[in-house]
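Participant: Quick one: structure below, then a few questions.
Every read-out reported here was derived from the displayed coordinates using simple, explicitly stated rules and does not represent laboratory data. Please read all numbers here as calculations on a predicted model, not as lab measurements. Cβ placement follows ideal geometry from the backbone for every residue including glycine, while neighbour counts extend to all protein chains displayed.
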Amino acid sequence: MAADGRRPGGAGLHGLCQRGAGRCLFHRHRHWHGLAEDLGERLDQGVQSGELANLHAVVVMRHGRLALERYFEGEDERWGEPLGKVAFNADSLHDVRSVSKSIVGLLYGMALAEGKVPALDTPLVQAFPAYGDLAADGRRRAILISHALGMTMGLQWDEDLPYSDPRNSEIAMERSSDRYRYVLEQPVVAPPGERWCYSGGATALLGHLIAQGSGMPLLDYARHKLFAPLGIDKAEWTPGTNGEAAAASGLRLRARDLARIGQLVLQQGEWQGRALVARHWIVQSIQPRVDAWPGLRYGHHWYVGQTRAGLAYYMAIGLGGQRLVVVPQHSLVYAVFMGNYDSPQQVQRVAAVQGLVAAALR
């Protein structure tokens, strides 16, 4: 590890330049990566003006190479536990919050290819035989694994409330004596597959099935099958109240490593000549199946949208301003970390970062 926190040897890392409030890493030969040279300065200005308040990190990759890497200082927390002011660098772990869900989606596909988890047409209650009483309800038997991946289970769930509110469904799940029964026994309010409902409970079920089928904790499976092959040697997964990984929101990664996962998606699961994730699983994951947030559709634990120019992009979204964005037509991947977990302006602030990246494309 270099004295300033950089990891040596990354692809295309040709020198560090100090500019303003952040630290910016550009290629020495800037003409090919297709980014405006003042992007780092614009990020600095946004932090200084407050428009990008509590921005922690931005990593941009073009054509498979690192084009920009920038870090700042700001207040942060780990799954709700305050960490105070942190000076972020290339080696800093950061909550990715609900970006964790998209990583779990990839891991489910990997475990499925190994025959370690149930097929997509398996009824959810069948995958949890300890809850045989729930299987007596025909409406619940109609809910399949595919519906959990698409968040179209048709079960009552409400995460619109603040995560400090015990009525928030994810918080209630964590406080329950059995988080998986809690999810599966929620009232059926719609036919499965009919409409999208944001649900950390769906991811909790999938994460448990991966851990159970692989015979190892979720983080260990992720390290062995996904992180290590990508060269990711540092990661954490915060446990929930039952001691198991909080699959929906507990993953902590470095910004550059999150961008590597985006590059893997861009390359349709291939990494250094190896099919790390099956191509057909990536295709399934980013196939838009149902309307989600305004302007976004949902695949299998990934969001799908279109730029103003009509280009498709894929995105993982996390509370507080965490983003992983993949724009295939531009060979673009970028990761954003922010600390605006409780701010009503969190969406506007991360959208402003995304706007700067889009405007910097050349």
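Participant: Straight-line reach from K225: which lysines fall under 24 Å, measuring Cα to Cα and dropping same-chain residues less than 8 apart?
Facilitator: Candidates past the 8-residue exclusion: K101, K116, K234.
Participant: Also, quick follow-up: Could you give the angle, 0 to 90 degrees to the nearest 10, between helix 39-49's Cα long axis and the longest principal axis of the Cα atoms of the chain?
Facilitator: The answer is roughly 80 degrees.
Participant: What is the packing order of peptides 61-68, 335-342, 106-113, 305-312, taking the mean over residues of other C-beta atoms within 10 Å and listing the highest first?
Facilitator: Peptide ranking by packing, descending: 335-342, 106-113, 61-68, 305-312.
Participant: Right, next: What relative contact order, as a whole-number percentage, does the chain give when Cα pairs under 8 Å and 6 or more residues apart are counted?
Facilitator: Relative contact order comes out at 20 percent.
Participant: Just how far, in whole angstrom, is the range 121-149 from the range 284-362 if you go by their alpha carbon centroids?
Facilitator: So the separation of the two Cα centres works out to 32 Å.
Participant: Based on the alpha carbon coordinates of the range 93-319, what radius of gyration and maximum Cα-Cα distance (Dmax) apply, in Å?
Facilitator: Looking at the range 93-319, its Cα Rg and Dmax stand at 16.6, 51 Å.
Participant: Ok, one more. In nm, to one decimal, how far is the modelled label at D160 from the one at A278, with both set 7 Å along Cα→Cβ?
Facilitator: The two pseudo-label positions are separated by 3.7 nm.
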